[in-house]
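Have a look at the structure below, then the notes.
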Amino acid sequence: MAEDATVVSEETLTSALALMVNLGKVLLETAKHEAQESLEKFVPYKITTLLGLITAGADFYRSIGVKKKTEAEKVWQRFYHNAAVRELVEELLTLESEWDSFLESVDSRLQTTDRQLSGGKIADHLSPDTAFTDGRSGESVTLGRYLGQGQKPLLVLIRHFG
């Protein structure tokens, strides 16, 4: 539980909520624009926008003296009678839903792109002769040799890594 939650003033909470909502909106619009320009560039190079959101969230929590969302909810519940706090909390929750929707759409578009690039059919098993590069040594290794399993279906791969 937040130790400093009882000393947070209504003004501090309102200011922190307003800053979080405004930064979150700006970052969401930036992320949407970057993803629209090029999904292939967004994921490896521009996803740092999400780090901005993480930083904004951490600053918000720190400014009201909490560490978790449940603690923040307890703080804003104390001031929920105030119309400005209520409005900002609703905006924050709406923004959270908008971020979720955006990230789900990026994920969906990435999966579509992966299917298109792979030719559409996803294999239900892999040959033990499938070549990979060992991430530790850099040498080429077959799936069968890596797993030490010989002629095993994908299920072995799932069990090995799953």
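Could you sort out which of Lys25/Lys68; Lys32/Lys74; Lys25/Lys67; Lys25/Lys74 sit more than 25 Å apart by Cα distance in this structure? With Cα atoms farther than 25 Å apart: Lys32/Lys74.
Mind running the shape call on region 1-86? Use the C-alpha gyration tensor, a ≥ b ≥ c as the square roots of the eigenvalues: rounded below 1.5 for a/c, prolate if a/b tops b/c, oblate otherwise. Since a/c reaches 1.5 and a/b is larger than b/c, the shape of region 1-86 is classed as prolate. For region 95-103, backbone phi angles converted through the Karplus equation (6.51, -1.76, 1.60; θ = phi - 60°) give residue-by-residue couplings of 4, 4, 5, 5, 4, 4, 4, 4, 5 Hz, Gly and Pro being listed as x.
Read-outs throughout are calculated quantities, based only on the coordinates presented, and are distinct from any laboratory measurement. What you see is a predicted model; the values in this text were computed from it and never measured.
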